[in-house]
Amino acid sequence: MDAMPAPSPAPFVRQVGAVFRIEVSRIMRPRHSLPAFLLAALPVGVAAAVSAHVTLDRGGAFPAVFYNLLLGVTVFFGCAFIFTKLFRAEILERTLHYYLLAPIRREALLLGKYAAGVVVSWALFGGATVVACVLLFGLPATLPWEWTASLLRDLGTTLLACVAYGAVFLLFGLLFANPILPVAGLLAWEGLHFLLPPTLQAFSVRYYLGALTSVPLPVPDGPFAILVRSPQPWVSVLTLLALTVVGLALGAWRLRRLEVRYTDD
């Protein structure tokens, strides 16, 4: 007897694509993501104000705007708003059962929603990265390689931030009826990571993002700042991707066991 052919991945990919298209249009509605749009405008406005009143050097102004404001505030809160609502908002609006009753694998549902969140968040915050960079340093007439390489590196850092934070916040939206408290806890952890012992710093997303920026971050001052060596860029990339895989795997495990009881919310 001939062996049975392996199942084709095409139906699964089509399901992911269908969910992706639906979710992108839903996330882009102002009612759903207006705070994320406003957060994307924040670093642009700050960069415009700084460039108009301060004589800039790339090593001084850019880390403050890009690392502290764009990654630490805009991307963090923007991803928290977008990704925690991917499932939690539909439970609260009593619409998630339409997906769960459809002939679609739950892993495809999770990946489609997650991919839509990544694309929208990177479009917003990556666009903010480009505009802030141009406002701070100008657009070279010939686009020299060094300027272009720095911009591409910062765009890649923004993408990895959206990918890693997105997986974490999507998991929060599946695990907690009210994700505000775990988001606040993660915010405190990320904001104070530079005060932690080196072993604990390795459990912070910002610890790895700081090693990927195009401009080296200044060493923190103060008696409580613990000097710690930044990881190699390749270590940071692999660690953030591993965190993403773990977050999505846990999210898929939770979604497979999810039973929607609207009376509980």
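Structure summary
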| item | result |
| --- | --- |
| Filter result for the condition that a residue is modelled with pLDDT of 95 or more and open to solvent by 60 Å² or more (accessible area, probe 1.4 Å), over 119, 163 | 119 |
| Residue identified as out of contact with any Pro (no Cβ under 6 Å at 6 or more places or on another chain), basic (Lys, Arg) and buried (at least 19 other Cβ atoms within 10 Å of the Cβ) among 106, 88 | 88 |
| Out of 203, 194, 169, sole residue that is in contact with a Cys (Cβ under 6 Å, 6 or more places away or on another chain) and either closer than 22 Å to residue 157 by Cα or modelled with pLDDT of 85 or more (or both) | 169 |
| Test result for residue 133, of a type outside the set (Val, Ile, Thr) and at pLDDT 95 or above | no |
| Subset of the stretch 54-102 [among the polar types (S, T, N, Q) and modelled with pLDDT of 85 or more] | 68, 74, 84, 95 |
| Meets criteria (without any contact (Cβ under 8 Å) to a residue 40 or more places away in the chain and either in contact with a Leu (Cβ under 7 Å, 6 or more places away or on another chain) or charged (D, E, K, R) (or both)) for residue 126 | yes |
| Tally, over the stretch 23-53, of residues that are within 30 Å of residue 252 (Cα to Cα), free of Cβ contacts under 8 Å to residues at least 24 places away in the same chain and open to solvent by 70 Å² or more (accessible area, probe 1.4 Å) | 4 |
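The values are calculated or read from the model by the stated rules, or taken from the named source; none is laboratory data. Source: prediction; values computed, not measured. FYI the Cβ positions are ideal-geometry reconstructions off the backbone, even for glycines, and counts take in every protein chain you see. Protein only, heavy atoms only, side chains kept; ligands, DNA and RNA dropped before computing areas. Shrake-Rupley method; radii C 1.70, N 1.55, O 1.52, S 1.80 Å.
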